[in-house]
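A.B. asks: Below are the structure tokens for one structure; questions will follow.
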Amino acid sequence: MATQIKTVGIIGAGQMGGGIAHVASSAGFDVFINDLSIDRIEKGIATISGNLARQVSSGKLAEADRQTALKRIRPAETYQALAGCDLVIEAATEDETVKRKIYAQLCPALKPEALLATNTSSISITRLASQTDRPERFIGIHFMNPAPLMKLVELVRGIATEDATFEAAKAFVAATGKTITVSEDFPAFIVNRILIPMINEAIYTLYEGVGSVEAIDNALRLGANHPMGPLQLADFIGLDICLSIMQVLHDGLSDSKYRPCPLLVKYVEAGWLGRKAGRGFYDYRGETPVPTR
């Protein structure tokens, strides 16, 4: 029998964790949000509040609904505070070592029947599940960024994921109003298996001097009808995340076509990680973004 999910815990109050908390609380779930410090949790909740307020001002949400959604979100300073949760979604940084450490400390605090999910965008669900005390109750629930706006969620079963876990996860995602796509547990799943190599190819196109930043982005926006150019999108995602997904693909599939572009590696080494760092393929420190190449 599938678990009835009413209370959701979220590990990570950053862009993804905050976005998932926003979506879950708006859909009527009680949400507990955890991060490394109360400052980070409060900052995350403040961002959610601002994003909900934006939905009100654009007419997508009633003010009363905004207040109700905010009331459903509570800080959880310790993993123990997540003990009553029916589902806990880990939305920490895309680093397997960090995720394993979280599971080791989190699992003893959870009730035995609680489901555990990861929002990883590329790492093996089977391998992550094996690091927990509940591989049968572990699943990948991959929200797209930004979670409140993007309509898709990838559901990924590990080799041990039970049907009841899958059905409960499906019901949870459906309740948030998102569309589900089911992916097999292969490196980077569906969206990023296709999207990130396209971005990597755009960086190779820049690296080899085929076109400038502006030429490449305009070409894909106007020639392929993409809402934003691939280099602009890379900056939005974060060049460090793009690189880590390319490395997962390269290591996991052992195919040279997934080799990260040396220029991507160089930008990450420089700390030019995109929008969040103020510089990537564009410089965001002025009034309008200016190409850095």
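The values are calculated or read from the model by the stated rules, or taken from the named source; none is laboratory data. Owing to the predicted nature of the structure, the values given are computational and were not obtained by experimental measurement. Glycine also receives a Cβ, built like all others from the backbone with ideal geometry; neighbour counts cover every protein chain displayed.
A.B. asks: Restricting to the range 189-216, name every residue that is in contact (Cβ under 8 Å) with a residue 40 or more places away in the chain, assigned to a helix (DSSP H, G or I) and either touching a His at 6+ places or on another chain (Cβ under 9 Å) or of a type in the set (S, T, N, Q) (or both).
C.D. replies: Of everything in the range 189-216, those that are in contact (Cβ under 8 Å) with a residue 40 or more places away in the chain, assigned to a helix (DSSP H, G or I) and either touching a His at 6+ places or on another chain (Cβ under 9 Å) or of a type in the set (S, T, N, Q) (or both) turn out to be VAL191, ASN192, ASN200.
A.B. asks: Name the residue that is farthest from GLY19 (Cα to Cα), counting only residues in the range 54-80 that are assigned to a helix (DSSP H, G or I) and within 22 Å of the chain's Cα centre (by Cα).
C.D. replies: Out of the qualifying residues, it is TYR79.
A.B. asks: Write out, first by first residue and then by second, each pair whose Cβ atoms fall under 6 Å of each other, whose residues are 6+ apart or on separate chains, and whose first residue, in the range 160-188, is in the same structural domain as ASP86 (by TED's automatic domain parsing) while the second is charged (D, E, K, R) and part of a helix (DSSP H, G or I).
C.D. replies: Qualifying pairs under 6 Å: ALA160/GLU136; GLU162/GLU136; THR165/ARG137.
A.B. asks: Report yes if GLU63 is in contact with a strand residue (DSSP E or B) (Cβ under 8 Å, 6 or more places away or on another chain), in the same structural domain as GLU136 (by TED's automatic domain parsing) and acidic (Asp, Glu), otherwise no.
C.D. replies: Spelling it out, it is not the case that GLU63 is in contact with a strand residue (DSSP E or B) (Cβ under 8 Å, 6 or more places away or on another chain), in the same structural domain as GLU136 (by TED's automatic domain parsing) and acidic (Asp, Glu).
A.B. asks: Kindly provide the set of residues from the range 30-52 that are more than 20 Å from ASN145 (Cβ to Cβ) and out of contact with any Pro (no Cβ under 9 Å at 6 or more places or on another chain), ordered by number.
C.D. replies: Across the range 30-52, the qualifying residues are ASP30, LEU36, SER37, ASP39.
A.B. asks: Let me ask something additional. Do the conditions hold for LEU231, that is, is it touching a helix residue (DSSP H, G or I) at 6+ places or on another chain (Cβ under 8 Å) and either over 23 Å from LYS151 (Cβ atoms) or surrounded by fewer than 17 Cβ atoms within 10 Å (Cβ to Cβ) (or both)?
C.D. replies: Criteria met by LEU231.
A.B. asks: Does any residue of the range 250-257 turn out to be modelled with pLDDT of 95 or more and either buried (at least 21 other Cβ atoms within 10 Å of the Cβ) or assigned by TED's automatic domain parsing to the domain that holds ILE141 (or both)?
C.D. replies: Taking every residue of the range 250-257 in turn, none turns out to be modelled with pLDDT of 95 or more and either buried (at least 21 other Cβ atoms within 10 Å of the Cβ) or assigned by TED's automatic domain parsing to the domain that holds ILE141 (or both).
A.B. asks: With GLU154, GLU167 as the choices, which residue is over 14 Å from the mean Cα position of the chain (by Cα), farther than 16 Å from SER244 by Cα and acidic (Asp, Glu)?
C.D. replies: Only one candidate qualifies: GLU167.
A.B. asks: Okay, next question. Scan ALA91, ALA21, ALA83 and give me the residue that is surrounded by 13 or more Cβ atoms within 10 Å (Cβ to Cβ), under 15 Å from the mean Cα position of the chain (by Cα) and either over 25 Å from ARG137 (Cβ atoms) or free of Cβ contacts under 8 Å to residues at least 60 places away in the same chain (or both).
C.D. replies: Just one listed residue meets the conditions, ALA21.
A.B. asks: Hey, PRO112 hits all of (1) modelled with pLDDT of 95 or more; (2) more than 16 Å from PHE138 (Cα to Cα) but one; which does it fall short on?
C.D. replies: Every condition holds for PRO112 apart from (2).
A.B. asks: Also, quick follow-up: Looking for something aromatic (Phe, Trp, Tyr) and surrounded by fewer than 22 Cβ atoms within 10 Å (Cβ to Cβ) - is there at least one such residue anywhere in the range 172-193?
C.D. replies: Yes, the range 172-193 has at least one match.
A.B. asks: Could you list, in sequence order, the residues of the range 236-275 that are at positive phi and either under 20 Å from the mean Cα position of the chain (by Cα) or touching a residue at least 12 places away in the same chain (Cβ under 8 Å) (or both)?
C.D. replies: Listed by number, the residues that qualify are GLY238, GLY274.
A.B. asks: Okay, next question. Would you please name the residue that is surrounded by the most Cβ atoms within 10 Å (Cβ to Cβ), looking only at residues in the range 110-166 that are in contact with a strand residue (DSSP E or B) (Cβ under 7 Å, 6 or more places away or on another chain) and of a type in the set (Lys, Arg)?
C.D. replies: Here the answer is ARG137.
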